[in-house]
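K.L.:
Below you will find the structure I want to go over with you.
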Amino acid sequence: MKQAVVIGAGPAGLMAAEAMAEVGLAVTVCEAKPSVGRKFLMAGKSGLNLTKDEAGSSFRAAFAEGRKPLTPMIDAFDADAVQAWAKGLDQEVFTGSTGRVFPVAMKASPLLRAWMTRLAATGVQTNTRWRWQGWQGKDLAFDTPDGPQTLAADVTVLALGGASWARLGSDGAWAGILGGKDVPLAAFAPANAGVLINWSAHMAKHFGAAIKGVQWTAGPYASKGEAVLSAQGLEGGGIYSISRGVREGHLLVLDLLPNMSVAEITAKLSKPRGKASLANHLRKTVKLTQAQIALLQEMARPLPDGLRATARLLKAVPVQNAGLRPMDEAISTAGGLPFEALDEGLMIKALPGVFAAGEMLDWEAPTGGYLISACLATGRWAGQHAARWAG
């Protein structure tokens, strides 16, 4: 039997292993951590958003520059296929109001257990605490609990993740190994990250409050998702979706009333104020929450004179910040292996017989089901093409 080795036991690596085992290769999965799928399990703590049920064109558009190379992979394993795959592991799924698809169990552990059981039944062997060190001659070299070990492989799939959440296994150390083999790489950068803000002391009482019903904009990127005020800044899906714009240097702008025009806001603010403070007037007339008012005052004090000027400000509050949270805290990363370094089957051109998949490829997408879905799709694609290459 041909020997296949998968390095990295996240969703991309496990999907590649499954694709190769299905056609009769002897597959060994090597994982540096003591257990498999650690970042996958972490994603499951917030419900495990597997994919998004939406039109194919809209789904593909979420991948920006990665759309063109990823299209055949995503089309071959689309949102419907992801749902069928989960159901094949006896994990029923449901679609939320925004099209996001989750397991009914709302966590990753039952799915991962069923998946590992199925892989074992097909003969896939899993080695944990095996950290890849590169090559020793033609063989793959590892540090293991039993000392240095090597594995001979007819074909290899690398699924080593990006460079965030190092404690879960994605530390980006593989870049040094591939760089030493003259494989071109794109610098890592945080994606889907929180925004760092140095708050004044009076904001502390609002930490944990959610900012809802607003629109965030950073250059060409916009989101109507919510954000949470934290001691470090802003977190949440609404912020993660536009964090790329902040990373690229665009001003973060908040529209507190995206469903109202300046004229409509001005008319509401024109109601008699009496002795009410401005904060109470904003709360009563345009229904801003205390947290929204605190954020407004934090970013734009002193507020302008005049109702129309105030209305314009509510539509475009400049959110001064210190950039993104550190890369290791980001949900995902941009950078890694550029598609130009790979052939159409995701084989590294400089390393015949070595394929790559998942977050270690240079693509990024917002949260909302796109990340895991593309990891599964690229893993399956790399596994299938690796099996064909191995014959």
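K.L.:
Can you pull the percent of segment 250-388's accessible area that's carbon plus sulfur, 1.4 Å probe, other chains left in place?
P.N.:
Here carbon and sulfur together make up 53 percent of the probe-accessible area.
K.L.:
Considering only DSSP beta bridges with both partners in the chain, what is the antiparallel share in %, to the nearest 5?
P.N.:
70 percent
K.L.:
Let me ask another. Which pairs in the list 287/315; 2/138; 52/107; 52/224 are over 20 Å apart, alpha-carbon to alpha-carbon?
P.N.:
In this structure, not one pair exceeds 20 Å between Cα atoms.
K.L.:
Here's another thing I want to ask about it. In whole Å, what is the distance between the alpha-carbon centres of segment 171-219 and segment 282-349?
P.N.:
The two parts, judged by their Cα centres, are 11 Å apart.
K.L.:
What is the packing order of peptides 381-391, 38-48, taking the mean over residues of other C-beta atoms within 10 Å and listing the highest first?
P.N.:
Packing order, densest peptide first, comes out as 381-391, 38-48.
K.L.:
Calculate I(q)/I(0) for segment 19-163 by the Debye formula, one identical point scatterer on each C-alpha and no solvent, and give its log10 at q = 0.13 Å⁻¹ to two decimals.
P.N.:
For the requested q values the scattering log ratios are -0.75.
K.L.:
Then there's this: Note the angle between two axes, namely the Cα long axis of helix 67-76 and the longest principal axis of the Cα atoms of the chain, as a number of degrees from 0 to 90, rounded to the nearest 10.
P.N.:
That works out to roughly 60 degrees.
K.L.:
Which is farthest toward the positive dipole end of the chain among 234, 280, 57, measuring Cα position about the Cα centre, with Cβ charges +1 (Lys, Arg) and -1 (Asp, Glu)?
P.N.:
Sorting the options by dipole projection puts first 280.
K.L.:
Can you give the charge dipole size of segment 77-124 about its Cα centre, rounded to the nearest 20 debye, using +1 on the beta carbon of Lys and Arg and -1 on the beta carbon of Asp and Glu?
P.N.:
Rounded to the nearest 20 debye, it is 180 debye.
K.L.:
Counting only protein heavy atoms and a 1.4 Å probe, tell me what percentage of segment 20-151's accessible area is made up of carbon and sulfur.
P.N.:
In segment 20-151, the share of accessible area belonging to carbon and sulfur is 49 percent.
K.L.:
Next up: With charges set only on the Cβ (+1 for Lys and Arg, -1 for Asp and Glu), what does the dipole of the chain come to about its Cα centre, in debye to the nearest 20?
P.N.:
My answer is approximately 1840 debye.
K.L.:
Could you give me the ³J(HN,Hα) list for segment 109-115, computed from phi with Karplus coefficients 6.51, -1.76, 1.60 and θ = phi - 60°, whole Hz, x at Gly and Pro?
P.N.:
So the Karplus estimates, Gly and Pro as x, are 4, x, 5, 5, 4, 5, 5 Hz.
K.L.:
On to the next question. Leaving out ligands and nucleic acids, and using a 1.4 Å probe, what accessible area per residue does segment 93-144 come to in Å²?
P.N.:
Per residue, segment 93-144 has an accessible area of 54 Å².
K.L.:
Give the relative contact order (percent, whole number) for the chain; include only Cα pairs under 8 Å separated by 6+ residues.
P.N.:
For the chain, the relative contact order is 24 percent.
K.L.:
Dipole of segment 45-132, Cα-centred, from +1 at each Lys and Arg C-beta and -1 at each Asp and Glu C-beta, to the nearest 20 debye?
P.N.:
Dipole size: approximately 480 debye.
K.L.:
Moving on to the next point. Cross-link candidates for residue 39: which aspartates and glutamates have Cα within less than 17 Å, leaving aside residues fewer than 8 places away along the same chain?
P.N.:
Qualifying aspartates and glutamates at Cα under 17 Å: 31, 171, 328, 329, 359, 364.
K.L.:
Out of these labelled values of semi-axes √(5λ) of the Cα gyration tensor in Å, [x] 46, 20, 18; [y] 33, 26, 22; [z] 35, 27, 18, which was calculated from the coordinates shown here?
P.N.:
Given [x] 46, 20, 18; [y] 33, 26, 22; [z] 35, 27, 18, the structure-derived one carries the label [x].
K.L.:
Using only alpha carbon pairs under 8 Å that are at least six residues apart, calculate the relative contact order of segment 78-141 and give it in whole percent.
P.N.:
Averaging sequence separation for qualifying contacts and normalising by length gives 19 percent for segment 78-141.
K.L.:
Roughly how many Å² is the accessible area per residue of segment 170-213, as a whole number, for a 1.4 Å probe?
P.N.:
46 Å²
K.L.:
Semi-axes of the equivalent ellipsoid for segment 268-361, please: Cα gyration tensor eigenvalues, times 5, square-rooted, ordered largest first, whole Å.
P.N.:
With the √(5λ) rule applied to segment 268-361, the semi-axes are 53, 13, 11 Å.
The values are calculated or read from the model by the stated rules, or taken from the named source; none is laboratory data. The shown structure was predicted, so the numbers you read here are calculated from the model rather than taken from an experiment. Ideal geometry is used to build each Cβ from the backbone, glycine not excepted, and the neighbour counts take in all protein chains shown. For the accessible areas, the whole protein counts, side chains as well, though only heavy atoms, and no ligand, DNA or RNA atoms are used. Shrake-Rupley method; radii C 1.70, N 1.55, O 1.52, S 1.80 Å.
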